[in-house]
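Quick notes on the structure that follows.
The values are calculated or read from the model by the stated rules, or taken from the named source; none is laboratory data. The structure displayed is predicted, hence computed values, not measured ones. Counting neighbours? That spans all protein chains shown, and the Cβs are built from the backbone with ideal geometry, glycine included.
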Amino acid sequence: MQTKIWAIVKELELEITLVKNLEDLKQITAKYMSKSSVFNSLKDEVKITTDVNRKKELGQLITLYSSSISNILNAKKEQLENHFDLEEKENELLLEHKVHLNKKEGTLHPFMKISNKVAEYFADHNFKFAYGVEIEEEKFNFDILNVQEGHSVRNPKDTFYLQNKKVLRTHATNVTARELSKDMHEADSFYTIGTVFRNDDDDATHSFQFNQIDFFSVSKDSSIATLKFIIDGLVKHLFGEEIKTRYRLSYFPFTEPSFEVDMSCMSCHGKGCSVCKETGFIEVLGCGMINPKVIKNANQKSDLYGFAAGIGLERVAMLKWKVNDIRNFYINDIKFLKGIN
């Protein structure tokens, strides 16, 4: 269904370019939000279904459809309402200095483009989107994920602590902890995209606030082979079919075994250059099989296995468009944004 929704969104993006006035916009709005639309068929299904998990899934789909369609329609409405042509204004002060407005429509921010590609990929592989909170309990941010007392990430120098044992989440893996703590099916797969926070200084490669793509899958027969299949496919989907990956053993508290994943350098195509420090590869994400301690901490069955991975959205954008300073994505420099779209 997610794939169908994204197809509808793309159809609307094409149709909306032909809308020239508010009356046309009303007709388009009626088409995509009418009783015969996917939106209302999903709402009707919610009313009649009794399965709790299906209701939750439908609620997520309704939110995805509603927010995606509404954002496009509202943006077009604002554009039409604010549109005016100074050449037609009978303003004596402007008659000698007519201004021609740039009528080119805007484009999606690089982060939204990547988010959309990630959503398409995981929808094709039957992963469900999971929402997560940014103000999180230590239980879900640390304890369940086997991040024990004394670990460096729990130090106030690295984490923003709030009252009542709550923190600004340090990673989107808190969603994994929350979903694992629920009643799960024998096989479940989720992904999330969201903002995380670290007590860090802003510079060219760091920020106190950034975004992560996090995903996990559990079943009774999860394996490293499946993990590599999903990650290799995601990397190729984001960067290109010619990209190669390699896996290096690493350590993360919530996975065992753990791996760092490198991808072949897009600048030299794996031959070695200054960008990849002559190695031919660039580090891109971390992953591994879910640590049995995490499964136990989440009160799940001991025969349940899974894998998990996380990648920085900014990291993807910087590699994809060869950006050297992460701050460029936040300062709204129109020249920069046009240069990478």
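Annotations for the structure displayed:
- Residue within segment 299-317 that is in contact (Cβ under 8 Å) with a residue 40 or more places away in the chain, among the charged types (D, E, K, R) and not in a strand (DSSP E or B) present: yes
- Only strands (runs of 3 or more DSSP E) whose full extent lies in segment 161-246 are considered here, and the ones with at least 2 residues that are touching a residue at least 60 places away in the same chain (Cβ under 8 Å) are 188-197, 209-219.
- Of all residues in segment 258-274, those satisfying the criterion of being of a type outside the set (Ser, Thr, Tyr) and in contact (Cβ under 8 Å) with a residue 24 or more places away in the chain are Phe259, Glu260, Val261, Met263, Met266, His269, Gly270.
- Filter pass, Glu241 being loosely packed, with under 15 Cβ neighbours inside 10 Å, under 29 Å from Met112 (Cβ atoms) and out of contact with any Pro (no Cβ under 6 Å at 6 or more places or on another chain): yes
- Just one of (1) in contact (Cβ under 8 Å) with a residue 24 or more places away in the chain; (2) not assigned by TED's automatic domain parsing to the domain that holds Gly194 fails for Glu283. It is (1).
- Selection status of Asp188, over 28 Å from Val52 (Cα atoms), among the acidic types (Asp, Glu) and in contact with a helix residue (DSSP H, G or I) (Cβ under 8 Å, 6 or more places away or on another chain): no
- Unique match (being under 25 Å from the mean Cα position of the chain (by Cα), surrounded by 12 or more Cβ atoms within 10 Å (Cβ to Cβ) and either closer than 22 Å to His109 by Cβ or modelled with pLDDT under 75 (or both)) among Leu42, Leu14: Leu42
- Every residue from segment 290-341 that is of a type in the set (Phe, Trp, Tyr) and under 21 Å from the mean Cα position of the chain (by Cα): Phe307, Trp321, Phe329, Tyr330
- Any hit, segment 173-183, residues being acidic (Asp, Glu), surrounded by 13 or more Cβ atoms within 10 Å (Cβ to Cβ) and under 13 Å from Gln212 (Cβ atoms): no
- Sole exception among (1) modelled with pLDDT of 60 or more; (2) exposed (fewer than 12 other Cβ atoms within 10 Å of the Cβ); (3) not polar (S, T, N, Q) for Val99, by number: (1)
- Leading residue by the ranking (nearest to the chain's Cα centre (by Cα)) among those in segment 45-74 that are farther than 27 Å from Leu180 by Cβ and surrounded by fewer than 13 Cβ atoms within 10 Å (Cβ to Cβ): Asn71
- Criterion (surrounded by 13 or more Cβ atoms within 10 Å (Cβ to Cβ) and either more than 25 Å from His171 (Cα to Cα) or more than 24 Å from the chain's Cα centre (by Cα) (or both)) met by exactly one of Cys265, Cys287: Cys265
- Residue that is modelled with the lowest pLDDT, among those in segment 290-330 that are of a type in the set (Asp, Glu) and surrounded by fewer than 18 Cβ atoms within 10 Å (Cβ to Cβ): Asp303
- Thr279 being over 22 Å from Gly132 (Cβ atoms) and either part of a helix (DSSP H, G or I) or within 21 Å of the chain's Cα centre (by Cα) (or both): no
- Among the residues of segment 164-179, the ones that are on the phi > 0 side of the Ramachandran plot and under 18 Å from the mean Cα position of the chain (by Cα) come to 0 in all.
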